[in-house]
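Student: Let me begin by handing over the structure; questions about it come next.
The values are calculated or read from the model by the stated rules, or taken from the named source; none is laboratory data. No experiment lies behind these values; they were computed from the predicted model shown. Note that we place each Cβ from the backbone using ideal geometry, even for glycine, and neighbour counts take in every protein chain shown.
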Ligand SMILES: [Fe+2]
Ligand SMILES: [Fe+2]
């Protein structure tokens, strides 16, 4: 069942604990008592409608209100995307790295297996960081600028419009979560079981979680941000 603005935040977490990291990503801290989504959002100056839609996307994989999401400002959407990047950089990726580092194998294979997994993840991490850096330095600032020009908060420059187009991003934006499937396969299908299976299981759980999270993140970029900026670009071109 989807949540609404009048749902109690505490009940949401008790019933669907998987959305907890996303709630915390908005900067909300525990100790919210019996407050509703609307009340907590007001306290933290968060758009409650946007918050509700984002939580619902994470709760229900078949729910994606593309048109409604496109109605929120570019700034609101990008603020959330950046907060997600920060969470991947500071928490999610280092956590998986630490877990991988504590994996052990009984035999002499230990070093070899560990190096294989570590190198694979390190390569993956480098790619994800490059991906996020590009978005944070080129795509997101460009998108914010397009919205500002549309709102008359910045002047329209033809040169600026010709310098970059969201299609460049749309054509090259890749699914950073896809490679995680290879990592899961290495652990599940090919490597001998580690001697600390509990940790190995935790590594897999965290990879599954990150994969789902990144998948939702990419959906917002591709189905909300890109089409929204395309519309803005069309509008601005008509103004020239
Ligand atoms: Fe991103
Ligand atoms: Fe992306």
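Student: Can you tell me which of 92, 98, 75 is within 16 Å of ligand 2 (Cβ to nearest atom) and at pLDDT 95 or above?
Tutor: After ruling out the rest, the residue left standing is 92.
Student: Still on this structure: Among the listed residues 124, 140, which satisfies the condition of being closer than 18 Å to residue 182 by Cβ, within 16 Å of ligand 2 (Cβ to nearest atom) and touching a helix residue (DSSP H, G or I) at 6+ places or on another chain (Cβ under 6 Å)?
Tutor: Within the list 124, 140, the selection yields 124.
Student: Within region 103-164, considering only helices (runs of 4 or more DSSP H) that don't extend past its boundaries, which have at least 1 residues that are closer than 21 Å to residue 185 by Cβ and either free of Cβ contacts under 8 Å to residues at least 40 places away in the same chain or more than 23 Å from the chain's Cα centre (by Cα) (or both)?
Tutor: By residue number, 109-134.
Student: Here is a list: 64, 80. Which entry is part of a helix (DSSP H, G or I) and touching a residue at least 60 places away in the same chain (Cβ under 8 Å)?
Tutor: 80 is the lone residue from the list that is part of a helix (DSSP H, G or I) and touching a residue at least 60 places away in the same chain (Cβ under 8 Å).
Student: Select from region 20-49 the residues that are assigned to a helix (DSSP H, G or I) and more than 15 Å from the chain's Cα centre (by Cα) and list them in ascending order.
Tutor: Matches in region 20-49: 37, 38, 39, 40, 41, 42, 43, 44, 48, 49.
Student: List the residue pairs whose Cβ atoms are under 7 Å apart, where the first residue sits in region 173-187 and is more than 16 Å from residue 93 (Cβ to Cβ) and in the same structural domain as residue 126 (by TED's automatic domain parsing), the second is within 16 Å of ligand 1 (Cβ to nearest atom) and part of a helix (DSSP H, G or I), and the two are 6 or more positions apart or on different chains.
Tutor: Within 7 Å, the pairs are 173/221; 173/222; 175/218.
Student: Looking at 228, 223, can you tell me which residue is within 22 Å of residue 88 (Cβ to Cβ), touching a residue at least 12 places away in the same chain (Cβ under 8 Å) and within 20 Å of the chain's Cα centre (by Cα)?
Tutor: 223
Student: Can you go through 188, 168, 176 and tell me which one is buried (at least 16 other Cβ atoms within 10 Å of the Cβ) and either part of a helix (DSSP H, G or I) or in contact with a helix residue (DSSP H, G or I) (Cβ under 9 Å, 6 or more places away or on another chain) (or both)?
Tutor: Residue meeting the stated conditions: 176.
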